[in-house]
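A.B. asks: Would you mind keeping the following structure in view while I ask a few things?
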Amino acid sequence: MTTNAYRQALSRAALEDAWFRLYKKTKPSSRNTAGADDVSINDFERDAKLHLSRLSKDIGQGTFRLSPLKPFLIPKQSGKDRLICVPTVRDRIVQRALLDFLAKKYGHVLANKISYGFVQNRSVKRAAEAAIFLRTKFRWAFKTDITSFFDRIPRAQLIDAMRSLVKEKTLHPILAEVIASEIAPTSRSNEKRIRRLGVQDGLGVRQGMPLSPFFANVILIDFDKEVVQNKWKAVRYADDLIFFSQSETECHDIASQCKNMLAKLGLEIPAIGPDSKSSLHAPHDPVEFLGLSLAPANGGYTLSLSSKQRDRIRNEMLALGSIDELVSRRLKLSDIGRVIAAKKAGYLAAYDVCNNLAELEHDLIDMTHKVLRKIYVDGLHIDLEQLSPAARRFLSI
């Protein structure tokens, strides 16, 4: 029999709330993406009340089981693939409800002195602020990330860590089932591409599941504790790590100990070297972390948005210039000004700690004009050269 913890975490009200936020937070262009059962968010939404009733009934009767994950391979600019594993809508709702329950109960444990990724009330901005604060006092930096982190998490150790953290034993079976989730059968060519990424059955936590980031923090609880006990000055955002110290020797020592600590978990970081993701930075060297550059300036250090991050923002903004994208998001021409303004405000708020915020603001203004021109010229086929100055002003170009 299930007990109150299981029923509370997956109550009908919790499922409805998880569904509501899943629908709201999913981009309209992604709502037609289906899981292994071929049911998309838009399909589910057409009769959400019935689907939620069936899901709640299955959970109450103890017959609910997770489905395999549907793989999506996204080519990256490097030529490699990025693998996203999409659960069914039912499974996403269940995982989000579980995540809400666990975040409220154990968020304070995961919000330790160094962890900022996927933790309530923490963000990239707060991680960057912590990093710049530390570098003003400890000017040498060692930056690294955990190699193929999610795909190499040892499941047995993760289950042990999860059981140690989560006191509600009736949640252990469903959480262990999520950890053990595997990819649904796919084409032979996709199978080869997935294996080339190093993905192995029985190892790792598949990215794309709502609970995956939570599990990432759980497996690193003891690592974080040891970093704090060692009194190292560090910031961790998921698998991205940066340490600050007073000397090059201390950085090398941290790198060596860090490698040994992660080895206990079956994880590793790259060796320090040219073109490696593990690198040392002297006090006069800038260091990039989470898309931001921590660079020396006026006897101290400043944060600035990296060129790579600015390019990413430009691409996200320009995507709004596609009529097909706007239609998929159920947006009308009358909505575009509000949507662009909200995007701009979001970026400016997220990066207001950067000293090149004015440059970002200029980029956003430029991107706004380009987005509007794409809509008018490429989408609506308006000949802007034939418009009067008043008409051009009316169209905000």
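A.B. asks: Less than 18 Å apart at the alpha-carbon level, and either on another chain or at least 8 residues along: which lysines does that give for Lys49?
C.D. replies: Lys24, Lys57
A.B. asks: Using the heavy atoms of the protein chains alone and a 1.4 angstrom probe, what is the accessible area of the stretch 9-107 per residue in square angstrom?
C.D. replies: Per-residue accessible area for the stretch 9-107 comes out at 51 Å².
A.B. asks: Could you work out the relative contact order of the chain? I mean the mean sequence separation of Cα pairs under 8 Å and 6+ apart, divided by the number of residues, in percent.
C.D. replies: 17 percent
A.B. asks: For Lys233, what charge total do you get from the other residues with a beta carbon under 11 Å from its beta carbon, if Lys and Arg give +1 and Asp and Glu give -1?
C.D. replies: Surrounding charge for Lys233 is +4.
A.B. asks: Can you pull the semi-axes for the stretch 120-201, root of five times each eigenvalue of the Cα gyration tensor, sorted largest first, whole Å?
C.D. replies: 33, 23, 12
A.B. asks: Which trypsin sites (Lys or Arg not before Pro) in the stretch 273-373 pass both tests, a DSSP loop state and at most 13 other beta-carbon atoms within 10 Å?
C.D. replies: Arg330, Lys332
A.B. asks: Can you give the translational diffusion coefficient of the stretch 1-157 in µm²/s, computed by Stokes-Einstein from the Kirkwood radius over Cα pairs at 25 °C and 0.890 mPa s?
C.D. replies: Roughly 131 µm²/s, to the nearest whole number.
A.B. asks: Return, for the Cα atoms of the stretch 232-295, the radius of gyration and Dmax in Å, separated by a comma.
C.D. replies: When restricted to Cα atoms, the stretch 232-295 yields Rg and Dmax of 11.8, 35 Å.
A.B. asks: If you don't mind, another one. Can you give me the Cα centroid spacing of the stretch 288-351 and the stretch 129-192 in angstrom?
C.D. replies: So the two Cα centres are separated by 28 Å.
A.B. asks: Once you keep just the Cα pairs under 8 angstrom separated by 6 or more residues, what percentage relative contact order results for the stretch 29-188?
C.D. replies: With pairs under 8 Å counted, the relative contact order is 23 percent.
A.B. asks: A further question follows. Gain in length, Ala350 to Gln200, computed as 0.36 nm per residue apart minus the alpha-carbon separation, to one decimal in nm?
C.D. replies: Full extension from Ala350 to Gln200 adds 50.4 nm.
A.B. asks: Per residue, how much accessible area does the stretch 152-231 have with a 1.4 Å probe, in Å²?
C.D. replies: I get 47 Å² per residue for the stretch 152-231.
A.B. asks: With respect to the cross-link table entries Lys143/Lys277; Lys27/Lys332; Lys80/Lys259; Lys105/Lys233, which display a Cα-Cα separation exceeding 18 Å?
C.D. replies: Lys80/Lys259; Lys105/Lys233
A.B. asks: So how many Å³ per residue does the convex hull of the Cα atoms of the stretch 162-320 work out to?
C.D. replies: Measuring per residue, one finds 192 Å³ for the Cα hull of the stretch 162-320.
A.B. asks: Find the relative contact order for the stretch 270-397 and round it to a whole percent, using C-alpha pairs within less than 8 Å whose residues are 6+ positions apart.
C.D. replies: Reported relative contact order: 20 percent.
A.B. asks: Within the set of other residues whose C-beta is less than 12 Å from the C-beta of Ser56, count the net charge using Lys and Arg as +1 and Asp and Glu as -1.
C.D. replies: Spelling it out: positives minus negatives among the neighbours equals +4.
A.B. asks: Loop only by DSSP, 15 or fewer other Cβ within 10 Å of the Cβ. Give me the trypsin sites (Lys or Arg not before Pro) in the stretch 101-166 that pass, ordered by residue number.
C.D. replies: Counting only loop positions with at most 15 other Cβ atoms within 10 Å, the trypsin sites (Lys or Arg not before Pro) in the stretch 101-166 are Lys113, Lys137.
A.B. asks: Less than 13 Å Cβ to Cβ from Glu129, Lys/Arg counted +1 and Asp/Glu -1: what total charge do the surrounding residues give?
C.D. replies: +3
A.B. asks: Tell me, what HN-Hα J-couplings in whole Hz come from the Karplus equation 6.51 cos²θ - 1.76 cosθ + 1.60 at θ = phi - 60° for each residue of the stretch 289-296, using x for Gly and Pro?
C.D. replies: Couplings: 8, 6, x, 10, 9, 9, 10, x Hz.
A.B. asks: Then there is this: Rounded, prolate or oblate: which fits the stretch 261-339, taking a ≥ b ≥ c as square roots of the Cα gyration tensor eigenvalues, rounded meaning a/c under 1.5, else prolate when a/b beats b/c?
C.D. replies: Taking the square roots of the gyration eigenvalues as a ≥ b ≥ c, the stretch 261-339 is oblate.
A.B. asks: Taking amide hydrogens as modeled 1.01 Å from N in the peptide plane, which residues meet the under 5 Å criterion relative to Ser115, leaving out close sequence neighbours?
C.D. replies: Close amide H contacts, sequence-distant or interchain: Arg236.
A.B. asks: Remind me, what semi-axes does the chain give for its equivalent ellipsoid, largest first in whole Å, using sqrt of 5 times each Cα gyration tensor eigenvalue?
C.D. replies: Over the Cα atoms of the chain, the ellipsoid semi-axes are 35, 34, 19 Å.
A.B. asks: Here's another thing I want to ask about it. Pull up all non-local amide H partners of Thr302: gap of 5 or more, or a different chain, and H-to-H distance under 5 Å with H placed in the peptide plane.
C.D. replies: Hits under the 5 Å cutoff: Ala295, Ala297.
The values are calculated or read from the model by the stated rules, or taken from the named source; none is laboratory data. Computed from a predicted model, the values in this text were never measured in an experiment. Neighbour counts are summed over all protein chains in view; Cβ atoms, including those assigned to glycine, are modelled from backbone coordinates with ideal geometry. Quick note on the areas: whole protein, heavy atoms, side chains included, nothing else; ligands and nucleic acids left out. Shrake-Rupley method; radii C 1.70, N 1.55, O 1.52, S 1.80 Å.
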